[in-house]
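Chemist: One structure, as structure tokens, below. Some questions next.
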Amino acid sequence: MTRTPQRRLESLVLVALALYYAAKIVLILGSPQVCGNFGMDYCAYWSAGRIIDEHGMAAAYSPDLLELYQGRAHPGGTVPGSGVLGILYPPAFLLPFRCLSLIGPSASFLVWTLVNLAAFLLYLRFFAEKMTGNPSSPRLLLWMLLSLPAFVNFREGQVNVWLAVCAGEFLRAIVSDRPWRAGFWVGGWLLKPQLLVLILPLLAIRKAWRVLGGFGVSAGAVLAVSVALAGAEGMINLARIVELAARGGVSSNPSAMTNWRMAGALASCFGVPGAGWGVIIAGSVLTTAAALYVLGKRPAGDRSAAATALIGLSAATGLVAWHAHLHMALILIPPMLYLVSERRMSRRMFLLWVLLPVAFQVLGYAAAYGINPGDRPDHFSPTLAFARGMPGFLLNLTLFGWTAVRLPRPAEG
């Protein structure tokens, strides 16, 4: 059967997208520098692992030690101008990096990336088969791997594969009417606790007490293990570095985020007093109210409704969470894989999610080179930062609006 013009166009775009990423990888491999032009976030994890091995878990949250060890790992021998990267994860989640830090940063990054890539692909195949009864389409999986959230996650050595698995298993448990198991997987999001900012109040509004009970069990386990590993001193150090990041320190890079905080940073550039905070507060309050209203009542009950609600929840969370970058959108992939496979999300919407961030990135590079002709634009320049954050922000708004329209509402009375 001959392919339709739309199918042929999609194939051309897919090839162009693959070539774009291949070119980026070739540029990286031309002068590979883990902690330099790739693996920046992983550099922080590897450094924390070394600190844990040599100084103990509580010391992993010391900005001074992180700066020292990241400087040793960096090709230049010092932390670059973008600054030290903080460790914001509970101690229970840092144990793998102690083991991975026993080898050099480059080899460690390679092992971490290959394990995460294999785990992600295997999980998505498992998830699709369990949710749809059919193997996942290799073409659809390729589209998802070529999304910018996925590419950035693997290039930076991020930890979002675990968060995506937790999202997928939460969805599977919900549609299988296993609330305790669903709550257990919500506890996995404690790796990045800002993801819990909406789901916990929504579960309370829905009176999903057994789900909250499951969360309480897993949260208690994470807390107990963390305290046992780091002690009171380590937990206090963690709280301090989280506070430092919340105020914009330890390279939190708010201008590259996908939330109202990024929009506020952009608004403040116009020099209007209070404009930034006004945008942040108004946007966050309105989004939270809308999310609680749209998602606060249990959907009509089928799998598509649950997956749609999870996408809307994740998008709204990405808007209101104080710390949210594009790579965290990896948690959207499991519910999106189900909806696209079952034709409950249009390919147009899905392709918009894949392609818009790449288009913004290309335009961002062009603008940065235009501003600084002849120079390589700095990785953390405002132009490139907003080019990374703005498309994620717009897509979060779009996906939440799409959810509000598509999500079935239960009959009143």
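The values are calculated or read from the model by the stated rules, or taken from the named source; none is laboratory data. Quantities reported herein were computed from a predicted structural model and do not represent experimental measurements. Positions of Cβ are backbone-derived with ideal geometry, glycine not excepted, and every protein chain shown enters the neighbour counts.
Chemist: Residue 388 versus (1) modelled with pLDDT of 95 or more; (2) surrounded by 17 or more Cβ atoms within 10 Å (Cβ to Cβ); (3) within 17 Å of the chain's Cα centre (by Cα): which is the lone unmet condition?
Modeler: Going through (1) modelled with pLDDT of 95 or more; (2) surrounded by 17 or more Cβ atoms within 10 Å (Cβ to Cβ); (3) within 17 Å of the chain's Cα centre (by Cα) one by one, residue 388 breaks only (1).
Chemist: Scan region 122-136 residue by residue and report those that are surrounded by 15 or more Cβ atoms within 10 Å (Cβ to Cβ) and of a type in the set (A, V, I, L, M).
Modeler: 124, 128, 131
Chemist: Please go through region 85-111 and give me each residue that is touching a Phe, Trp or Tyr at 6+ places or on another chain (Cβ under 7 Å) and crowded, with 22+ Cβ neighbours inside 10 Å, ordered by number.
Modeler: 87, 97, 101, 105, 108, 109 - these are the residues of region 85-111 that are touching a Phe, Trp or Tyr at 6+ places or on another chain (Cβ under 7 Å) and crowded, with 22+ Cβ neighbours inside 10 Å.
Chemist: OK, next. Kindly establish whether residue 120 is farther than 30 Å from residue 226 by Cα and at pLDDT 95 or above. So that I can check it myself, show each step before the final result.
Modeler: Numbers: farther than 30 Å from residue 226 by Cα: no; at pLDDT 95 or above: yes.
So residue 120 does not fit the description; no.
Chemist: In region 298-321, what residues are under 15 Å from residue 199 (Cα atoms) and in a loop (DSSP other than H, G, I, E, B)?
Modeler: Within region 298-321, 298, 299, 321 meet the criteria.
Chemist: Show me the helices (runs of 4 or more DSSP H) entirely contained within region 1-120 in which 3 or more residues are within 20 Å of residue 240 (Cβ to Cβ) and touching a residue at least 40 places away in the same chain (Cβ under 8 Å).
Modeler: On the way: elements: 5-30, 40-55, 63-73, 95-100.
Those helices (runs of 4 or more DSSP H) span 40-55.
Chemist: Hey, can you tell me all the residues within region 251-271 that are farther than 15 Å from residue 194 by Cβ and part of a helix (DSSP H, G or I)?
Modeler: 255, 256, 263, 264, 265, 266, 267, 268
Chemist: Of the residues 164, 173, 182, 150, only one is surrounded by fewer than 22 Cβ atoms within 10 Å (Cβ to Cβ), part of a helix (DSSP H, G or I) and not basic (Lys, Arg); which?
Modeler: 173
Chemist: Moving on to the next point. Scan 213, 220, 231, 248 and give me the residue that is surrounded by fewer than 17 Cβ atoms within 10 Å (Cβ to Cβ) and outside any helix (DSSP H, G or I). Even if it seems obvious, please write down each step before you answer.
Modeler: Numbers: 213 fails: outside any helix (DSSP H, G or I); 220 fails: outside any helix (DSSP H, G or I); 231 fails: outside any helix (DSSP H, G or I).
Step by step, each of 213, 220, 231, 248 is checked, and only 248 is surrounded by fewer than 17 Cβ atoms within 10 Å (Cβ to Cβ) and outside any helix (DSSP H, G or I).
Chemist: Only residues that are surrounded by 15 or more Cβ atoms within 10 Å (Cβ to Cβ) and more than 21 Å from the chain's Cα centre (by Cα): list them for region 21-31, please.
Modeler: Selection gives 28 alone.
Chemist: Also, quick follow-up: Out of all the residues in region 297-323, which are within 29 Å of residue 386 (Cβ to Cβ) and at pLDDT 95 or above?
Modeler: Once the filter is applied, which keeps residues that are within 29 Å of residue 386 (Cβ to Cβ) and at pLDDT 95 or above, region 297-323 yields 310, 311, 312, 313, 314, 315, 316, 317, 318, 319, 320, 321.
Chemist: Then there's this: Going through region 342-363 one residue at a time, which ones are in a helix (DSSP H, G or I) and among the polar types (S, T, N, Q)?
Modeler: Scanning region 342-363 gives a single hit, 361.
Chemist: Considering region 121-162 alone, what residues qualify as being over 11 Å from the mean Cα position of the chain (by Cα) and polar (S, T, N, Q)?
Modeler: 132, 134, 136, 137, 147
For every residue, the table says whether it meets (1) under 18 Å from the mean Cα position of the chain (by Cα); (2) under 23 Å from residue 200 (Cβ atoms); (3) hydroxyl-bearing (Ser, Thr, Tyr).
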{"residue": "253", "(1), (2), (3)": "yes, no, no"}
{"residue": "258", "(1), (2), (3)": "yes, yes, yes"}
{"residue": "280", "(1), (2), (3)": "no, yes, no"}
{"residue": "305", "(1), (2), (3)": "no, yes, no"}
{"residue": "312", "(1), (2), (3)": "yes, yes, no"}
{"residue": "320", "(1), (2), (3)": "yes, yes, no"}
{"residue": "338", "(1), (2), (3)": "no, no, yes"}
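Chemist: Out of 44, 48, 60, I need the residue that is out of contact with any helix residue (DSSP H, G or I) (no Cβ under 6 Å at 6 or more places or on another chain), crowded, with 21+ Cβ neighbours inside 10 Å and closer than 27 Å to residue 193 by Cα. Which one?
Modeler: Numbers: 48 fails: out of contact with any helix residue (DSSP H, G or I) (no Cβ under 6 Å at 6 or more places or on another chain); 60 fails: out of contact with any helix residue (DSSP H, G or I) (no Cβ under 6 Å at 6 or more places or on another chain).
After ruling out the rest, the residue left standing is 44.
Chemist: Checking residue 271 against (1) at negative phi; (2) at pLDDT below 95, which single condition isn't satisfied?
Modeler: If we test residue 271 against (1) at negative phi; (2) at pLDDT below 95, just (1) comes out false.
Chemist: Looking only at region 275-294, decide whether some residue is of a type outside the set (Gly, Ala, Ser), surrounded by fewer than 21 Cβ atoms within 10 Å (Cβ to Cβ), in a loop (DSSP other than H, G, I, E, B) and in contact (Cβ under 8 Å) with a residue 60 or more places away in the chain.
Modeler: no
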